[in-house]
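Here the structure is laid out as structure tokens; the discussion comes afterwards.
The values are calculated or read from the model by the stated rules, or taken from the named source; none is laboratory data. The structure displayed is predicted, hence computed values, not measured ones. For neighbour counting, all protein chains shown are included, and Cβ atoms are generated from backbone atoms with ideal geometry for every residue, glycine included. Side chains are part of the model used for accessible areas, which takes the heavy atoms of the whole protein and leaves out ligands, DNA and RNA. Shrake-Rupley method; radii C 1.70, N 1.55, O 1.52, S 1.80 Å.
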Amino acid sequence: MTEPVRVRFAPSPTGALHVGGARTAIYNWAFARRTGGTFILRIDDTDPERSTAENTAQILRSLTWLGLDWDEGPEVGGPHGPYFQTQRAGNYRVALEAMKANGTAYPCFCTAEELERKREAARAGEGTLGYDRTCRALGPDAASARIAAGEPHVWRLAVPEGRGDIVVDDAVRGETVFPASAMDDFVLVRSDGTPTYNFATVVDDADMDITHVIRGDDHLSNTPRQILVFEALGHFVPRFAHLSMIWGADGKKLSKRHGATSVEAFAEEGILPEALLNYLALLGWSLDGETTVVSADVLKAEFSLERISKNPAIFDAEKLEWLNGVYIREMTPERLVERMLPWLEEAGLTTAADVAARPEWYAALVPLIAERLKRMTEVVPTVRFLFGTSVELDAASVEKALATPEVASSLERAASALAGLPEWSAEAIEAALRSLPEELGIKPKVLFQAIRVAVTGSTVSPPLFESLALLEREAVLSRLATARAAGEA
Ligand code: GLU
């Protein structure tokens, strides 16, 4: 490859960034980074009804959250701006002028009714499918006169006579042949002066010197038309790479029915950005066919178009969750505490100042919980009992673990054993409690479950003795007393 790589991600801000778009963005970004090229973000906001500034802001936020940075585009600018299609009307005018001048665009005055009539006729077997080129036969003088008279018109591409079949040589899918007969003189600019998608996209890709177009294969059918526009502009045709769609496990196109699909929803559900990046990167691309943990750095060093699969990708939420757990467990305790902090703060459990004041306490907490975490949303319910003075005892747990007389008196014995400990550590606590069941003639499981419910408020918790050690002794004793009373009530 001689030219420097220039790729773009061109979302339409008609909604949030979803996994399909995010994957397209990741592949473009990774390809640019691997090749030392340029990653451009362009906002295709030509649909005025459905495009909003809030959607654009959300797309930018989601890309940034995933760790993707762009070299040209909104917020960073660049030499090929503006990077919003609605601000590029001048570019489309210039391109249309060039095509008028070289005879590859012509005005069409056929009305919507006329076109509909022709389509009807074509469907009935008379006449050509697609535009019949009536206005292409008008001489330039006649056309100019009608324009001067103010007659409404669109501009169409004059597909070259004898152009032949159009072959899309795709980096992922190989060759797809589109027969020339299927290419009609399609509209470039509407009668209100706005460009169509196929025109605006190509003008932008040409102006921005895009070398590779990596996008979803829902656009494959647009590609032959776009190739014709590149040719009409006298511009090189970029290399195309069309990615297969993402499907749900049920074989249907991924949609809300399958749960979260927007990047923001995954963030809210406690998925880490590096896990989602990793998961989406491998949803249609592979490093070596077996590696499942692929960091952003590996992508930047290794990503290649050759290893993109053309098979449909199946979105597997469980696998993503598993991968998320892997990332959680791989973090150092300090790093995980940092990542937990926003969740803890939002729940009102703690503050950054508290973390700074007793880092060892937080670091000691991590090994107790990391093993069982799959999502960051699980952090707060898992550790809530470690904050504040009391826990809420729900009736079912009380009934199950506390409501027998022998348990109540055992809790009292446990409390006095703990009250007398010279040292408050997990080892000392365990030593004090281990022999108690036998002394009391009660099953260990029964006693420890009662203590667990009393202290954590739940029948499932991190390891018991370590959890007790993380609490103040007074808090443990008062919870044991409260639970005893609850069990007796
Ligand atoms: N705005 C188009 C989309 O979101 C871009 C398609 C393209 O990459 O050419 O589907």
Subject >> Within the accessible area of region 387-446 (1.4 Å probe), percent carbon and sulfur >> reply: 54
Original post:
How far is helix 333-346 tilted off the main Cα axis of the chain, in degrees rounded to 10, range 0 to 90?
Top reply: 80
Original post:
Is the shape of region 96-166 rounded, prolate or oblate, going by the alpha carbon gyration tensor and its root eigenvalues a ≥ b ≥ c, with a/c under 1.5 for rounded and a/b larger than b/c for prolate?
Top reply: oblate
**OP:** State, to one decimal in nm, how far the label point of E54 lies from the label point of A352, with both points 7 Å from Cα in the Cβ direction.
**Re:** 2.8
Original post:
Helix 359-369 versus the longest principal axis of the chain: what is the Cα-based angle in degrees, 0 to 90, to the nearest 10?
Top reply: 80
Subject >> Cysteines in the chain lacking a second Cys C-beta under 4.7 Å >> reply: C110
Original post:
Measuring from a point 7 Å past the Cα of D218 along Cα-to-C-beta, which residues in region 258-291 have an amide N at less than 16 Å?
Top reply: 258, 261-263
**OP:** Calculate what fraction, in whole %, of the accessible area of region 319-361 sits on carbon and sulfur atoms when a 1.4 Å probe is rolled over the protein chains.
**Re:** 57
**OP:** Among F186, F303, H212, pick out the residue whose Cα is farthest towards the positive end of the charge dipole of region 182-307, where Lys and Arg carry +1 and Asp and Glu carry -1 on C-beta, about the Cα centre.
**Re:** F186
Original post:
By DSSP, what percent of the beta bridges with both residues in the chain are antiparallel, rounded to the nearest 5?
Top reply: 50
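So for the chain, averaging the separation of alpha carbon pairs under 8 Å that are six or more residues apart and normalising by length, what relative contact order in percent results? Walk me through the intermediate numbers first.
Details: 690 pairs, mean separation 62.6, N = 489.
Once normalised by length, the contact order is 13 percent.
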Subject >> Rounded to 10°, Cα long-axis angle of helix 197-207 versus longest principal axis of the chain >> reply: 90
Subject >> region 288-389, accessible area per residue, ligands and nucleic acids excluded (1.4 Å, Å²) >> reply: 54
Subject >> Solvent-accessible area, 1.4 Å probe, carbon plus sulfur percent, for region 164-237 >> reply: 48
**OP:** Before rounding to the nearest 500, sum -39500 (n - 2.57) across all DSSP H runs of length at least 4 in the chain and divide by the residue total; then give [θ] at 222 nm in deg cm²/dmol.
**Re:** -13500 deg cm²/dmol
